[in-house]
Each structure stands twice: as structure tokens, then as C-alpha cells.
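Each remark here refers to the structure printed beneath this line.
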Amino acid sequence: MGSRAESWASSEGTRASMRSNRPRDTKPELALRRAVHALGLRYNVAARPLPAVRRTADMVFPRIRVAVFLDGCFWHGCPAHHSVAKTNADYWAEKVRRNRERDLETDRMLREAGWSVIRIWEHENPVEAAHRVAEAVRAIRASRAFGKGR
């Protein structure tokens, strides 16, 4: 990273706040993973579903090709909870727009490669979201088991 004089942050406080944001193991991620684990499912954490593509899913079920993304309301532009930045608004609006565009591209690439994609907002109840994940995983496992028995 460049010197502080080159920083895009609007202030030292903003820069410090942004640097403290965790790339993984956030409270919503940990809550979702605990809830999915409690339902008896096992998964990989913070893995690339497609190794050649620099996109990391929060939870990956590699054998059945399911990728789970837990999207932050601010970073991914949640229609219900996204708040517009008060400082440096143009920068953040463009950042969120690019994130949403990248999310759509990621979903498309994964689906084209035979993956199922589950997107969960950080504000969702982790137990309810875990049940959605479990339903999808079990349905895919069942459909593949049924296909093998034919």
C-alpha cells in the first residue's frame, strides 16, 4: 500500500476504520457457519470455487459444487439496508456499483461452471439462512444420488 499521503480515505479516522475491517471471520459469517455446522453440514471456509478465478466464497461445498456468499449490506448495496456514505459519496457509490457488478459476474461464471450459488445478506437471521443452505445442499445431494441410481 502507498504512503498515507496517497490514501483514498477522506481522513485518518476513516483510513483506520477501513483498515480494521476484517476480510473474513466477521460476526455474521461466524454465526452463519455455526448454524450451518449445527445442522450437520461440513464445508470449506473462504475458498475459491474456481481456483483460476480470484473470487472467494465464504462457504464452499466442493463435492456438490455449492458456493455460499454472505454479503455485507453496505458493501454489496442491500436494497433494504444500504446506507449512502456521507463522506466521499461518489467514491463509495462507485465502489458498491462495482461490487454488485462483480457479484453478478461471479454468479454467472460459477453457474456456467456447474455450481449452485447461494447469496445471503448479513442482516438475515443466521439460523434461517442456515436452513436455506441446508435445504439447497440436501436437494442437490438427493438429485445427484437419484441420478446415480438410474
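The values are calculated or read from the model by the stated rules, or taken from the named source; none is laboratory data. Because the structure is predicted, anything quoted here is derived from the model rather than measured. Here the Cβ positions follow ideal geometry from the backbone for every residue, glycine too, while neighbour counts run over all protein chains shown. Each accessible area value is taken on the protein alone, full model and side chains, heavy atoms only, with ligands, DNA and RNA left out. Shrake-Rupley method; radii C 1.70, N 1.55, O 1.52, S 1.80 Å.
Numerical summary
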item: Relative contact order of segment 39-150, defined on C-alpha pairs under 8 angstrom at six or more residues apart (%); result: 26 percent
item: Length gained when the stretch residue 50-residue 102 is fully extended (0.36 nm per residue, less Cα-Cα span); result: 17.2 nm
item: Sparse-neighbourhood loop sites, trypsin sites (Lys or Arg not before Pro) in segment 28-130 - DSSP loop, at most 11 other Cβ within 10 angstrom; result: 42, 54, 63, 86
item: Heavy-atom SASA rank of 39, 32, 70, 104 (probe 1.4 Å, accessible area, largest first); result: 104, 39, 70, 32
item: Accessible area in the full protein assembly, largest first, 1.4 Å probe, for 107, 25; result: 25, 107
item: Accessible-area ranking of 59, 109, largest first, probe 1.4 Å; result: 109, 59
item: Global form of segment 15-150, assessed from the alpha-carbon gyration tensor, a/c cut-off 1.5; result: prolate
